[in-house]
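Okay, structure first, notes after.
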Amino acid sequence: HRKGNSISLPNLASLPSSKAKKSLQSRQIQSLIAVPMMKEGECVGFVGFDSVRTTHRYSDMEESLLDLFTQMLVNLKIRQESQAQLRKSEGQYRAIAEDTPAMICRSLPDTNTTGEHPNPCSEPLFSI
């Protein structure tokens, strides 16, 4: 996973003995597929399926769909992080504008009005 490679094990019984195999067998897993969630070249998790009743050879289509799903999850996480950063940045800008002892206002293009967020020093001038 760490290098961005998917893991597909159609029959766990065919693997050599290892701690990982024993761990999976203790959960009665017969087959599994796991696709890494890659963000900027780093594995941030994985999504997978396992089969516990019978063995299953996951098809290329199933792996492609799972890969698409993991990419969607990563994109969702990136979007959430971006939105949080934007809210933080907007809050910092607003605090600077509101705490500045000088008049700050924004003219809207093609109008004679000011923006909706002038700072407190501009209120007497514009009767806001």
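The values are calculated or read from the model by the stated rules, or taken from the named source; none is laboratory data. These numbers come from a predicted model, not from an experiment. Note: ideal-geometry Cβ built from the backbone for every residue, glycine included; neighbour counts use all protein chains shown. We work out accessible area using only protein heavy atoms, side chains counted, and drop any ligands, DNA or RNA first. Shrake-Rupley method; radii C 1.70, N 1.55, O 1.52, S 1.80 Å.
Against the conditions (1) modelled with pLDDT of 95 or more; (2) touching a strand residue (DSSP E or B) at 6+ places or on another chain (Cβ under 9 Å), LEU12 satisfies every one except (1). From the list MET61, MET37, the one residue that fits, being open to solvent by 100 Å² or more (accessible area, probe 1.4 Å) and within 24 Å of LYS3 (Cα to Cα), is MET61.
Take the range 45-58 and flag every residue that is open to solvent by 80 Å² or more (accessible area, probe 1.4 Å) and more than 13 Å from ILE7 (Cβ to Cβ). Hits for the range 45-58 are ARG53, THR54, ARG57.
Working only within the range 24-34, note down all residues that are of a type in the set (Gly, Ala, Ser) and open to solvent by less than 30 Å² (accessible area, probe 1.4 Å). Residues satisfying the conditions are SER31, ALA34.
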